[in-house]
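The values are calculated or read from the model by the stated rules, or taken from the named source; none is laboratory data. Please read all numbers here as calculations on a predicted model, not as lab measurements. With ideal geometry, Cβ positions are generated from the backbone for all residues, glycine too; neighbour counts draw on all protein chains shown.
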Amino acid sequence: MTNPPSATREYLKPPITEVGVLGWLRGNLFNSWYNSLLTVLVLLALWQVVPPFFNWAFINSVWNSPAEACRDIDGACWSVIPQNISFIIFGFFPDGQQWRPGLAMLLMIGLVIYSKDRKHWKKSLGTYWLVGLVVMATLMYGGVFGMPVVETDQWSGLPLTFMLALFGMVAAYPLGVLLALGRRSRMPAIKTLCVVYIEMIRGVPLISLLFMSSVMFPLFLPEGVTIDKVLRAQVAIILFTAAYIAEVVRGGLQAMARGQFEAADSLGLNYNQTMRLVILPQALKIVIPPTVGQMLSAFKDTSLVVIIALYDVLKTTKVTLSNPKWTGYSTEAYIALAIFYFICCFAMSNYSRKLEKALHTGH
Amino acid sequence: MKFSRLTVLVTVLSLLAAGVAFAGKDLDAVRSKGFIQAGVNGGVFGFGMPDEKGVWKGLDVDTARAIAAAVFGDANKVKYTPLTAQQRFTALQSGEIDVLTRNATRTLSRDTQLGLNFVQVNYYDGQGFLVPKKLGIKSAKELGGATVCVLPGTTTEQNAADYFRTNNMKWTPVVIENTTELAKTFFAGRCDVLTSDASQLAGTRAVAPNPKDYTILPEIISKEPLAPAVRHGDDQWRDIVDFSVLAMINAEELGITSQNVDEMLKSTDPMVQRFLGVVEGNGKALGLDEKWAYNIVKQVGNYGEVFERNVGVNTTLGIERGLNALWTKGGLMYSPPFK
């Protein structure tokens, strides 16, 4: 088959409405009467919402002024954040000592970033974390090197949020895996125990667990004996998250083909080896997406500690808003907090997607 | 291994408990700790809330500071535990805190069934109504048919319902969970009236776009005597807490302020001499230093000073003394003689 010589033919451009921006618009937004209608409606709605919001947030807004200056403007008063930043971030941590939680948080973020790289997943990573944790705890608590002691009831704001979230996730994960294995165990006592635990914890909301830890639990202790409030909340969060992780991991375990177990058996591996070398690496990989889902909700759930009067970053913001000076600017403060939570959660889910890709070995 | 650790833990805990049991008294526990653990609100401006620097401020906070001044001679020897409404009484019962200064209303059932003792009231509150001036309403009796902004699940809602029923008036409640949002809704005009404790109303009005457009109606429809509380079991501790509050009131009655207290030491008035410990006796009776009342006034101030500093007319809240004025000025603040 031969083409006619092109030189003899005039090259016709396609009509302007079929290509380029116009073509795309016609093809995708105005390709039928109802799509055209929808497009127009959406544009109208955007026109109604976006410019006023833009004006409010950026044009008529103030960014760092005393509260009085906010009274006279129509726009957003973002000043509520910078003017109260030290209380929102560090809460009750004594003035002048706030570099300590600041440094501890930087250290933690640094360690988390370092741990992201799979090349660093070696024994030394554990050592780094151990050292890092000791340093962080020292920074927070003090009592050495001339740093005054700061009791845990003064730990608040962002460091508290990070602490509850990080330990909540890190400690809950192995516990959850153990519970999942226990639930699939052939030993009746262990199995029953795990089932009862998981179902009991999953059967109640986190709020009630936190209440139990803060209101009921102290009543069981002898008078005068108290256990640290932060610790109680932390344990409640760990126990709660672990139960959910356990069910996620169990899903992964059940997805393992029988052949995997039999292959491990035929190699002469014992239970521990089978789980450690064959089953868990595959099972845990399968359940990365739901696990991350659990982690994200655990991170956001830490804000529930407001109901037991722990001052996480949400509560410190709320307290700032209780000051009559700043009461009217809750929208701005909550938007700022939402952005903060979004950044943290988005980073986590982004990382999990990368991890999934990296671990994808094709089956 | 686990079990042996558990055994050790249990043993240690029971020993600790036994130790506390032998010491018995809350006052001894406070003295050996070296500070007072006070339960406070944490979110109510003017009563108990941290400021921008995380320093606790408020009427209830100052009450706790007065107790510390009485016991230790140093008002700063207080640690604050912010508590929610649900936690507050348990925290006191379980010994997590030594004294509750968290705008708690004294009621019969709380005083008896919860194993608590309330002491001298440090703020007389009551529920009232905030209305826009342009409605031209002068009395709560004219509120028939009104839409009322109210917080849910509190006695406030119930009190309002009772009030409207008793007066045969119709009302439409607009229930909003959060104080801040409640105020916003009210200012946006979604309801005619906002009802809440009078002390809160003043604060709400203060944040209005134009505070002068709103007025608080004269009717107070409920009694809310807010008082510090201690748990049953140590009457001496109770007395100390009680008289620490009373000392602030008595100081105001006697005209002693944090400014003039040092001059007052030279006063020839026997009441002042007894009060400030120049003539000894009161301190010994309470088991405190004779300077206890002097320390309270010097470091914290008299009741009037504390009131004006935290909630008075020159603060954002701008609350009049009203019921909280001295009995000699038409209020309810009255102290028994200090002798």
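Residues being touching a strand residue (DSSP E or B) at 6+ places or on another chain (Cβ under 9 Å) and either facing another protein chain (nearest Cβ under 7 Å) or over 21 Å from B:PHE307 (Cβ atoms) (or both): count how many of those fall in segment B:72-90.
Residues meeting the conditions: 9.
Just one residue in the set B:GLU290, B:GLU280, B:GLU305 is surrounded by fewer than 16 Cβ atoms within 10 Å (Cβ to Cβ) and not hydrophobic (A, V, I, L, M, F, W, C); that residue is B:GLU280.
The single condition from (1) within 14 Å of chain A (Cβ to nearest Cβ); (2) surrounded by fewer than 17 Cβ atoms within 10 Å (Cβ to Cβ); (3) within 30 Å of A:LYS229 (Cβ to Cβ) that B:LEU100 fails is (2). Segment A:160-236 holds helices (runs of 4 or more DSSP H) entirely within its bounds, and those carrying 1 or more residues that are hydroxyl-bearing (Ser, Thr, Tyr) and away from chain B (no Cβ under 14 Å) map to A:188-202. Could you tell me how many of the residues in segment B:38-53 are within 9 Å of another protein chain (Cβ to nearest Cβ) and assigned to a strand (DSSP E or B)? Selection size over segment B:38-53: 3. Restricting attention to segment B:182-218, the residues that are within 14 Å of chain A (Cβ to nearest Cβ), closer than 17 Å to B:ILE137 by Cα and part of a strand (DSSP E or B) add up to 2. Selection of segment B:33-46 for residues being modelled with pLDDT of 90 or more and either out of contact with any Ser or Thr (no Cβ under 7 Å at 6 or more places or on another chain) or outside the structural domain of B:ARG88 (by TED's automatic domain parsing) (or both) yields B:GLY34, B:PHE35, B:ILE36. Between A:THR17, A:THR39, which is in contact with a Phe, Trp or Tyr (Cβ under 8 Å, 6 or more places away or on another chain) and more than 14 Å from chain B (Cβ to nearest Cβ)? Exactly one of A:THR17, A:THR39 is in contact with a Phe, Trp or Tyr (Cβ under 8 Å, 6 or more places away or on another chain) and more than 14 Å from chain B (Cβ to nearest Cβ), namely A:THR39.
Within segment A:147-155, can one find any residue that is among the charged types (D, E, K, R), within 14 Å of another protein chain (Cβ to nearest Cβ) and in contact (Cβ under 8 Å) with a residue 24 or more places away in the chain? Yes, segment A:147-155 contains a residue that is among the charged types (D, E, K, R), within 14 Å of another protein chain (Cβ to nearest Cβ) and in contact (Cβ under 8 Å) with a residue 24 or more places away in the chain.
Looking only at segment A:296-313, decide whether some residue is within 14 Å of chain B (Cβ to nearest Cβ) and closer than 30 Å to A:ASP72 by Cα. The answer is yes, given that some residue of segment A:296-313 is within 14 Å of chain B (Cβ to nearest Cβ) and closer than 30 Å to A:ASP72 by Cα.
Every residue, every condition in (1) surrounded by fewer than 21 Cβ atoms within 10 Å (Cβ to Cβ); (2) within 23 Å of the chain's Cα centre (by Cα), yes or no:
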{"position": "B:ASP197", "(1), (2)": "no, yes"}
{"position": "B:GLN200", "(1), (2)": "no, yes"}
{"position": "B:VAL207", "(1), (2)": "no, yes"}
{"position": "B:LYS212", "(1), (2)": "yes, no"}
{"position": "B:LYS223", "(1), (2)": "yes, yes"}
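Would segment B:273-281 turn up any residue that is in contact (Cβ under 8 Å) with a residue 40 or more places away in the chain and among the small types (Gly, Ala, Ser)? Within segment B:273-281 (the criterion being in contact (Cβ under 8 Å) with a residue 40 or more places away in the chain and among the small types (Gly, Ala, Ser)), the answer is yes, since at least one residue qualifies. Scanning segment A:38-67 for residues that are touching a residue at least 40 places away in the same chain (Cβ under 8 Å) and loosely packed, with under 14 Cβ neighbours inside 10 Å turns up nothing.
Scanning segment A:63-73 for residues that are charged (D, E, K, R) and either assigned to a helix (DSSP H, G or I) or modelled with pLDDT of 85 or more (or both) turns up A:GLU68, A:ARG71. The criterion of at least 1 residues that are away from every other protein chain (no Cβ under 14 Å) and either buried (at least 17 other Cβ atoms within 10 Å of the Cβ) or of a type in the set (A, V, I, L, M) (or both) is met by the following helices (runs of 4 or more DSSP H) wholly inside segment A:74-133: A:99-116.
Could you say whether any residue in segment B:326-338 is surrounded by 13 or more Cβ atoms within 10 Å (Cβ to Cβ) and among the β-branched types (Val, Ile, Thr)? Looking through segment B:326-338, none of the residues is surrounded by 13 or more Cβ atoms within 10 Å (Cβ to Cβ) and among the β-branched types (Val, Ile, Thr). When A:LEU139, A:LEU175 are checked against the criterion of being closer than 30 Å to A:ILE288 by Cβ, in contact (Cβ under 8 Å) with a residue 24 or more places away in the chain and of a type in the set (A, V, I, L, M), A:LEU175 stands alone in meeting it.
Checking the structure you have, find out if any residue of segment A:345-358 is of a type outside the set (D, E, K, R) and buried (at least 19 other Cβ atoms within 10 Å of the Cβ). Within segment A:345-358, none of the residues are of a type outside the set (D, E, K, R) and buried (at least 19 other Cβ atoms within 10 Å of the Cβ). Residues that are closer than 25 Å to A:SER322 by Cβ, of a type in the set (Val, Ile, Thr) and either over 24 Å from the mean Cα position of the chain (by Cα) or not assigned by TED's automatic domain parsing to the domain that holds B:THR204 (or both) within segment B:148-186 comprise B:VAL148, B:VAL174, B:VAL175, B:ILE176, B:THR185, listed in sequence order.
When restricted to residues that are out of contact with any Ser or Thr (no Cβ under 7 Å at 6 or more places or on another chain), of a type in the set (A, V, I, L, M) and part of a helix (DSSP H, G or I), segment B:74-116 contains 2. Looking across segment A:197-225, just one residue is surrounded by fewer than 17 Cβ atoms within 10 Å (Cβ to Cβ) and either more than 30 Å from B:THR84 (Cβ to Cβ) or among the polar types (S, T, N, Q) (or both), and that is A:SER208.
Results for (1) more than 10 Å from every other protein chain (Cβ to nearest Cβ); (2) closer than 23 Å to A:LEU210 by Cα; (3) surrounded by 18 or more Cβ atoms within 10 Å (Cβ to Cβ); (4) without any contact (Cβ under 8 Å) to a residue 40 or more places away in the chain, shown as yes or no for each residue.
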position: B:VAL55; (1), (2), (3), (4): no, no, no, yes
position: B:GLY58; (1), (2), (3), (4): yes, no, yes, no
position: B:ALA70; (1), (2), (3), (4): yes, no, yes, no
position: B:GLN113; (1), (2), (3), (4): yes, no, no, yes
